[in-house]
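Report on one structure; see the data block that follows.
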């Protein structure tokens, strides 16, 4: 009987260890580091399509809704969530911005200051600092956490094409890149880690994907 008891104990311990290992494995999450060669080439400038290592967000300088200059120093050592929109957009932008407000309002506890949102206008000719300020106020956006950015159109679009990889290649014949006729419209939201690397793309109009994005941000924050 004792032998049977020992066997049962060993089996129970083994089951417990196995359950713990399975639980830990299920809770481990791996977020890839994405480079241009990992992305649909239609959305990547031809000059960097073959780049498969070391892609990081380029330096930038734009104005936020308060007229303050925002550069890469603003996101240094922080997680950034990036999107493109325009104030008068009647379709996907209000949905997209409302979903991003979930991130703005989410309680990341002791890491609330380590997460920022960068919303770039695609229509800087119209979306002035004043227009962005009014728009930001509609969503209760705090400028130290959620920046609505405007600036030189070519620079805004260059960041979208060569840094964030969210809009068609510079060689795409359907776009007059940077010109008055050039206009982009995308629901893509990009997750940038503390080192300036792309870690994920999400449909900003999908509540489920924004929930996934929040989970992924929590995962990245756990490494701090």
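Can you sort 152, 83, 203 by how many other beta carbons sit within 10 Å, fewest first?
In order of increasing Cβ crowding within 10 Å: 152, 203, 83.
How many nm separate the modelled label positions at residue 102 and residue 68, each set 7 Å beyond the Cα in the direction of the Cβ?
Going by the 7 Å Cα→Cβ label model, 2.7 nm.
Can you tell me the FRET efficiency between residue 128 and residue 77 if r is taken as the Cβ-Cβ distance and R0 is 35 Å, rounded to the nearest 0.05? Please report the intermediate quantities before stating the final value.
Working: r = 31 Å, r/R0 = 0.88.
Once the sixth-power term is evaluated, E becomes 0.70.
Sorted from fewest to most neighbouring beta carbons within 10 Å, what does the list 125, 134 look like?
Ordered by Cβ neighbours within 10 Å, fewest first: 125, 134.
By counting other Cβ atoms within 10 Å of each Cβ, how are 199, 161, 102 ranked from fewest to most? List each step's numbers first, then the result.
Numbers: 199 20, 161 24, 102 13.
Ascending Cβ contact count within 10 Å gives the list 102, 199, 161.
Express as a percent, rounded to the nearest 5, the fraction of DSSP beta bridges in the stretch 32-221 (both residues included) that run antiparallel. Spell out each step's value before the answer.
Details: 13 of 24 bridges.
Counting DSSP beta bridges with both partners in the stretch 32-221, the antiparallel share is about 55 percent.
Once the piece of chain linking residue 208 and residue 110 is laid out straight, how much longer is it, given 0.36 nm per residue of separation minus the C-alpha distance between them?
Working: separation 98, 0.36 × 98 = 35.28 nm, distance 2.46 nm.
Length gained between residue 208 and residue 110: 32.8 nm.
Multiplying the sequence separation of residue 50 and residue 31 by 0.36 nm and subtracting their Cα-Cα distance, what value in nm do you get? Kindly include the intermediate steps, with their values, before the conclusion.
Working: separation 19, 0.36 × 19 = 6.84 nm, distance 2.10 nm.
Gain on stretching residue 50 to residue 31: 4.7 nm.
Hey, rough spin-label estimate for residue 154 and residue 38, points 7 angstrom out along Cα→Cβ, what's it come to in nanometres?
Placing both labels 7 Å beyond Cα along the Cβ direction yields 3.1 nm.
All of the numbers you see were taken from the coordinates with simple rules; none came from a lab. Note that the structure is a prediction, hence the values are computed from the model and not measured. Note: ideal-geometry Cβ built from the backbone for every residue, glycine included; neighbour counts use all protein chains shown.
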